[in-house]
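The structure appears below as structure tokens.
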Amino acid sequence: MTSDTPKKKRKIRKRNILITIVVILIAARILLPYIVLHYGNKTLASMDGYYGHIDDITISLYRGAYTIHKFYINKVDSATTDQTPFISSEIIDLSVEWKALFKGKIVGELDFSQPKVLFTKDKVEPEDIQKDTTDFKDILKDFMPLKINRFEVNQGEIHYIDESSSPKLDLFLDRAHILAQNLSSVQDTSLLPAKVDAHAHVYGGLLALNVKLNPLDNIFDMSAELKNTNLTEFNEFFQAYANMDVSKGTFGLYTEIASKEGKWVGYVKPVINDLKVIGPEDKDDNFWNKVWEVIVGAGGLILKNPSKDQVATKIPIEGDMKGTDVSTWYAIIQLLRNAFVQALYPAIDNEISLATLNKNLEDSNKNFFQRVFSKPDEEKQKKN
């Protein structure tokens, strides 16, 4: 009888310890979202020049993740303490990337659902945000201590707002999808192991962006194109900043940029098709507005290539960490060349890459007449 008593006591003690551990784990699981939520809101509220808030947080231990619901950060005016919306997202999911874990790498992934970024003139300017990127990186490390290897954006929006213009302006792109993969070089198989693919809708047009990069060495090869954007949808912008509007036309933009060793080279090629400035809707404009629109329309007519019904130019860009050089004269010559010599193709030229970066930097030493009137090589002629 007496010998069984210690055994029973040990069993009871073990059972009680196990029950205590289970209770502690359950309590911790219940309290953990509230602890994380409190910490997150305290961190977001203490940012210098900004104020942020999270409505709720849910935690999924089985997938090593937690989800932020209804997140926002506003810019705070230091003089008036007024807040201007800057960034928000309905859902942000932060988790361990299991695919990378199977390769022996512990990295994280981010998924944003319905995020919005709003730049507001004189309140939340891109230049100001660039100065504060270090603070945002520190906050991101607090929320996601792992290196980010993958992130995805679904149904995103980017706005530029000018409340001081007349009319008030809200330019935006929407339905944005961005997928960035292998940012931490988990699968280090090439010089440019990471890639970013993005597309968005812009006033009836489609924006597509493709980037291959090595984030560790600041090397990238990028191409982007914007097709079939309806210019009439930009009339508030034209009225606010150019005191005019258009009645017809589509806009396209094509660019390629490559960078390595702190230097980059590329081009931007804007193309306007079927441009018409004067229309029936301008009958009530005042005299000087009509005169200005006639001048703009005449300029577009003069510079338009008659066979393609387009106004276009190609602007080379080159530079380094110290600055960027954009050749205005070269752009003007290309504009005239498109109008009177040969129409530019409304597409990416596939002429900029890391393989050709050095050659393009050597070509930049030519004067603009040599670059404008030099003959394209045979391979490029075949491609065109």
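The string of couplings for the range 45-54 from the Karplus curve (6.51, -1.76, 1.60, θ = phi - 60°) is 7, 9, 5, 6, x, 9, 9, x, 7, 10 Hz, one whole number per residue in order, with x for Gly and Pro.
Model label sites at I26 and E90, defined 7 Å from Cα along the beta-carbon direction, differ in position by 3.5 nm. For V268, the amide hydrogen comes within under 5 Å of the amide hydrogens of I315, I317, counting only partners 5 or more places away or on other chains and with H modelled in the peptide plane. Here the scattering of the range 42-163 is modelled by Debye summation over its C-alpha atoms, one equal scatterer each and no solvent; at q = 0.23 Å⁻¹ the log10 of I(q)/I(0) is -1.46. The 3J(HN,Hα) values that the Karplus relation (6.51, -1.76, 1.60; θ = phi - 60°) gives for the range 135-152 are, in residue order, 4, 5, 5, 5, 5, 4, 5, 5, 7, 9, x, 7, 5, 7, 9, 8, 9, 9 Hz. Gly and Pro appear as x. What's the FRET efficiency of H53 with R10 using the Cβ-Cβ distance as r and R₀ = 51 Å, to the nearest 0.05? Efficiency for this residue pair is about 0.50. The fewest-to-most ranking of V117, V271 by surrounding Cβ atoms within 10 Å reads V117, V271.
Among the listed pairs K116/K227; K147/K269; K131/K260; K70/K248, those whose Cα-Cα separation exceeds 31 Å are K147/K269; K70/K248.
Structural descriptor for the range 8-81: relative contact order 22 percent, calculated from alpha carbon pairs under 8 angstrom and at least 6 residues apart. Which trypsin sites (Lys or Arg not before Pro) in the range 50-109 pass both tests, a DSSP loop state and at most 14 other beta-carbon atoms within 10 Å? Those that pass, being in a loop and sparsely packed, are K103.
In loop segments of the range 105-204 as defined by DSSP, the GluC sites (Glu not before Pro) with at most 14 further C-beta atoms inside 10 Å of their C-beta are E163.
Phi-derived couplings, Karplus 6.51 cos²θ - 1.76 cosθ + 1.60 at θ = phi - 60°, listed residue by residue for the range 247-253: 9, 6, x, 10, 10, x, 9 Hz, with x used for Gly and Pro.
FYI, it's all coordinate maths here, none of it is from the lab. Small disclaimer: the values here were computed from a predicted structure and weren't measured. With ideal geometry, Cβ positions are generated from the backbone for all residues, glycine too; neighbour counts draw on all protein chains shown.
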